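These notes are about the structure you will find just below.
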Amino acid sequence: MHEGELMRSKLVIGNWKMNGDQATINGLIADLSKTEVSRLSELVVCPPFLYLQQVGNSLSQSAVKLGAQNVCQFSNGAYTGEVSASMLKDLGCEYVLVGHSERRHVFGESSQQVFDKASQLIEAGLVPVVCVGETLSERESGITEKSVAEQLSFFLTEQGVAVLEKCVLAYEPVWAIGTGLSATPGQAQDVHRFMREHIGSRVAGVSARLQILYGGSVKAGNAAELFAMPDIDGGLIGGASLVAKEFLAIAEAAGSYKAT
Ligand code: PGA
C-alpha cells in the first residue's frame, strides 16, 4: 500500500462530450438527480457548455456536482468563441477537464496550453482534471512512460508544482478512448504507479495525495476491477456516462453511489 493512499477518496466524472439535446439531457439528469452519493467519494458530470446551466439547475439539490469539458487559457477579453474559467465558476462548475486527448489530437492543444488552462482554473477556484495518455504507436514503441512524463512536464517545474498540487490527474490511454478496448487493470495500475513515482521523484509530499483517475472504455462490467487497483482513484467516463443506469453502476463500483 502506498503512503497516503488512505487519504485519497474516489472520484467518478462523466464526460458527455458533444452529445445530447435538451430533451435527452433532461431524461439523464432526472435519473441522476435521484442519486445518493456517499460522503467518501464524489460524482461529477461534464455536459457541453450550452447545457451547463440547465444541468446545474436540475442537479443543484442533488449530490452530483457540475464540471465542464474545456476552458480558455486566457482570463477574459477579445477571444471569440471561448469560455473563461470565471464564467464556469459563475455557473456553478467545480471541476474542468483540460488536455483531454480529443483536445490535444483533434484540436492541436499543446502541453503548454493545457498548463495555462489549468493555471486559469486554479486562479478561479476550480479544480482542473488534467488528462494525459499515450497513443497506440507510442505504447507499441515502448515509450508510454516517456509520453506521459512529457505531458506532465510543465506541471513539474517550480512554478508548475503549485498548480499540480490543486489538480486531479486522469490517465487516459488514447487507444482505449471510445474504442471498447480498455486497458487491463494491471496495465492501468502500472502507468498510475509510474505517474505517482515520477511526480514523487521531482517533488516531495504531493504525489501520495494526488487523485489519479483512469479513463478509456470504463463500463459497469470492468469498473470494480480497475478501481480496486491501489493507484487508481476513480474514473473518467465517456460513452457509459450517457446512460444513467450504466454510469450509476460505475459510481457504485467506486463506492460513490448507494442504491436507494
Ligand atoms: P470512453 O471515453 O469512456 O468513451 O472511452 C473516456 C474519455 O474520453 O474520457
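The values are calculated or read from the model by the stated rules, or taken from the named source; none is laboratory data. No experiment lies behind these values; they were computed from the predicted model shown. Glycine gets a Cβ as well: all are built from the backbone with ideal geometry, and neighbour counts include every protein chain shown. What goes into the accessible areas is simple: the full protein's heavy atoms, side chains included, and nothing from ligands, DNA or RNA. Shrake-Rupley method; radii C 1.70, N 1.55, O 1.52, S 1.80 Å.
Across region 88-121, the number of residues qualifying as in a loop (DSSP other than H, G, I, E, B), within 16 Å of the ligand (Cβ to nearest atom), without any contact (Cβ under 8 Å) to a residue 60 or more places away in the chain and buried (at least 21 other Cβ atoms within 10 Å of the Cβ) comes to 1.
Of the numbered criteria (1) open to solvent by less than 10 Å² (accessible area, probe 1.4 Å); (2) within 12 Å of the ligand (Cβ to nearest atom), the one Val206 fails is (2).
Does Val127 fit the bill of being buried (at least 22 other Cβ atoms within 10 Å of the Cβ) and either within 20 Å of Ser207 (Cβ to Cβ) or among the aromatic types (Phe, Trp, Tyr) (or both)?
Working: buried (at least 22 other Cβ atoms within 10 Å of the Cβ): no; either within 20 Å of Ser207 (Cβ to Cβ) or among the aromatic types (Phe, Trp, Tyr) (or both): yes.
In short, no.
Out of everything in region 65-75 that is open to solvent by less than 30 Å² (accessible area, probe 1.4 Å) and not polar (S, T, N, Q), what residue ends up being farthest from Ser110 (Cα to Cα)? Selected residue: Leu66.
Ala78 meets the conditions (1) modelled with pLDDT of 95 or more; (2) over 24 Å from Ala162 (Cα atoms); (3) open to solvent by less than 70 Å² (accessible area, probe 1.4 Å) in every case but one. The failed one is (3).
Cβ separations smaller than 7 Å between residues 6+ apart or across chains give the following pairs from region 169-182 residues that are over 27 Å from Ile122 (Cα atoms) to residues that are open to solvent by 30 Å² or more (accessible area, probe 1.4 Å) and within 6 Å of the ligand (Cβ to nearest atom): Gly178/Gly239.
If I filter region 168-185 down to residues being hydrophobic (A, V, I, L, M, F, W, C) and open to solvent by 10 Å² or more (accessible area, probe 1.4 Å), which single residue comes out as farthest from the chain's Cα centre (by Cα)? Don't jump to the end; show me each part of the working.
The first filter runs over region 168-185 and keeps only residues hydrophobic (A, V, I, L, M, F, W, C), leaving 168-170, 174-177, 181, 183.
Pick out the ones that are also open to solvent by 10 Å² or more (accessible area, probe 1.4 Å) and you get 174-175, 177, 181.
On the way: Val174: 14, Trp175: 17, Ile177: 13, Leu181: 19 Å.
So, considering only residues that are hydrophobic (A, V, I, L, M, F, W, C) and open to solvent by 10 Å² or more (accessible area, probe 1.4 Å), the one farthest from the chain's Cα centre (by Cα) is Leu181.
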